[in-house]
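Notes for the one structure printed next.
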Amino acid sequence: MWTDFTYQAAPMRVTFGPGRSRQLADEIDALGLGRALVLSTPDQEPLAQRIAAALGSRSAGVYPKARMHVPIETAHGARQAAQDRGADACVAVGGGSTIGLGKAIALTHGLPIVAVPTTYAGSEMTPIWGLTEGGVKRTGRDQAVLPRSVVYDPELTLTLPIDLSVASAINALAHAVEGLYAPDASPIVSLMATDGARAIVEALPRLAADGTDITARSRTLYGSWLCGAVLGATTMSLHHKLCHVLGGSFDLPHAQVHTIVLPHVVAFNAPASAGMRSALQEVLCADDPASALWELARSLGAPTALADIGMQERDLPAVVDAVLREPYANPRSPNADDLRSLLTRAQRGQRPQP
Ligand code: NAD
């Protein structure tokens, strides 16, 4: 029972529904903005151009150079483009990489962001920014980078390949899991984490069977919104720390790393967090949530071994050292042996064990 907590609501507007991205011009007007620079990855440039065309005079053009982990050179280029083209806002259409580029502009130039997420990563709901310089990724929290408005349009996720959809949705589940035992958890966070996880667990098998199922896409996007809100509202623990080190230092794909590591962290933390354990038992309809998550990923064709996404077993000691070097919150303190054994199981794709 909750008796003592703090909850800070994020001051943002959320609109949700199939076709909502076609009303972006109204959204720009409602927010009192003038001309927005539309950001995307090179792959998603055709979508960004369509959105810019629909914005008409409210568009300051397209900057289609977003890349994973926001290299500082890309951030400089986008900031310059926003300035040169007289933009007073950004529309970030894409996943965490594109929204991350919008945040890089907001951080130094204060331009408000309208985020139009097309993956389930959840960056649009957080004040967390990341920038990579000289191979080192720095992250921080700043309310200036929190999007002013988020437009969720499940139709834009129809093109997200099934394998990436599954990994991205399990990435969202990871936010819910760590929100359930966060040191700054609260009743609202627990409600969002549980309902978000439930929506994703219910819809993901249907989405994986048919990527054009708009109901399953809507439900998964709804779940990822709630899980992203949990990420924005709480301090993440061991799981996000491990994934940050693995992804940042070894350039592994973000969503897949989360997918592989999550069941192992759930197995490790379950004995120390009755709340997380019982919430996941209910959501996954299983006594052993760690195994159920691992089975879910396997049954949907997601990777379960770090070895399969390019990690070398000889590099695991460096991950253990990096994780032990910096303090972070976690319901159970891992020592070097715990981390070695957790990572070795993840490396080899073995079933999770407490
Ligand atoms: P991503 O944004 O890198 O996208 C992955 C690929 O999918 C890209 O090539 C993109 O063009 C493509 N893509 C995206 N949506 C698509 C769609 N609907 N159809 C077809 N292709 C599509 O991947 P991501 O997992 O969303 O984001 C990962 C990045 O975001 C990492 O750098 C991570 O650190 C960051 N992130 C930050 C936060 C935060 O709060 N700051 C939260 C989550 C992730």
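The values are calculated or read from the model by the stated rules, or taken from the named source; none is laboratory data. Note that the structure is predicted; figures quoted are calculated from it, not measured. With ideal geometry, Cβ positions are generated from the backbone for all residues, glycine too; neighbour counts draw on all protein chains shown. Protein only, heavy atoms only, side chains kept; ligands, DNA and RNA dropped before computing areas. Shrake-Rupley method; radii C 1.70, N 1.55, O 1.52, S 1.80 Å.
Per the listing Ala193, Ala199, Ala172, Ala167, the residue uniquely in contact (Cβ under 8 Å) with a residue 40 or more places away in the chain, more than 14 Å from the ligand (Cβ to nearest atom), among the small types (Gly, Ala, Ser) and part of a helix (DSSP H, G or I) is Ala193.
Out of Thr157, Thr98, one residue alone is within 17 Å of the chain's Cα centre (by Cα), of a type outside the set (A, V, I, L, M, F, W, C) and over 26 Å from Leu300 (Cα atoms). It is Thr98. Which of (1) of a type outside the set (A, V, I, L, M, F, W, C); (2) farther than 19 Å from Ile28 by Cα; (3) over 19 Å from the mean Cα position of the chain (by Cα) does Gly110 not meet, given it meets every other one? Going through the list (1) of a type outside the set (A, V, I, L, M, F, W, C); (2) farther than 19 Å from Ile28 by Cα; (3) over 19 Å from the mean Cα position of the chain (by Cα), Gly110 breaks only (2). Just one of the numbered conditions (1) touching a residue at least 12 places away in the same chain (Cβ under 8 Å); (2) within 20 Å of Ala182 (Cα to Cα) is not true of Gln281: (1). Among what's in the stretch 61-115 and is in contact (Cβ under 8 Å) with a residue 60 or more places away in the chain and of a type outside the set (A, V, I, L, M, F, W, C), pick the residue that is farthest from Leu131 (Cα to Cα). This residue is Pro112.
Given the stretch 1-98, what strands (runs of 3 or more DSSP E) lie entirely inside it while holding 1 or more residues that are open to solvent by 70 Å² or more (accessible area, probe 1.4 Å) and away from the ligand (no atom under 16 Å from the Cβ)?
Details: elements: 13-16, 36-39, 59-63, 89-94.
Here the list reads 13-16.
Within the stretch 178-190, the set of residues being in a helix (DSSP H, G or I), open to solvent by less than 30 Å² (accessible area, probe 1.4 Å) and aliphatic (A, V, I, L, M) comprises Leu180, Val189.
Going by the conditions given, is Thr119 in a loop (DSSP other than H, G, I, E, B), modelled with pLDDT of 95 or more and within 12 Å of the ligand (Cβ to nearest atom)? Criteria met by Thr119. For beta carbons closer than 9 Å, sequence separation of 6+ or different chains, a first residue in the stretch 341-354 that is on the phi > 0 side of the Ramachandran plot and a second that is surrounded by 14 or more Cβ atoms within 10 Å (Cβ to Cβ) and of a type outside the set (Asp, Glu), the qualifying pairs are Gly349/Ile260; Gly349/Arg298; Gly349/Pro303; Gly349/Thr304; Gly349/Ala305; Gly349/Leu306; Gly349/Ala307. Kindly establish whether Ile200 is surrounded by fewer than 24 Cβ atoms within 10 Å (Cβ to Cβ), touching a Leu at 6+ places or on another chain (Cβ under 9 Å) and more than 30 Å from Arg314 (Cβ to Cβ). Criteria not met by Ile200. State whether the residues of the stretch 334-344 include one that is under 30 Å from Pro161 (Cα atoms) and either outside the structural domain of Asp195 (by TED's automatic domain parsing) or not hydroxyl-bearing (Ser, Thr, Tyr) (or both). Yes - at least one qualifying residue is present in the stretch 334-344.
Kindly provide the set of residues from the stretch 246-283 that are more than 18 Å from Ser168 (Cα to Cα), open to solvent by less than 30 Å² (accessible area, probe 1.4 Å) and among the aliphatic types (A, V, I, L, M), ordered by number. Outline the logic, then answer.
From the stretch 246-283, those more than 18 Å from Ser168 (Cα to Cα) are 249-250, 267-283; that's our starting set.
The next check asks that each one be open to solvent by less than 30 Å² (accessible area, probe 1.4 Å); those that pass are 267-270, 273, 276, 279-280, 283.
Matches in the stretch 246-283: Ala267, Ala270, Met276, Ala279, Leu280, Val283.
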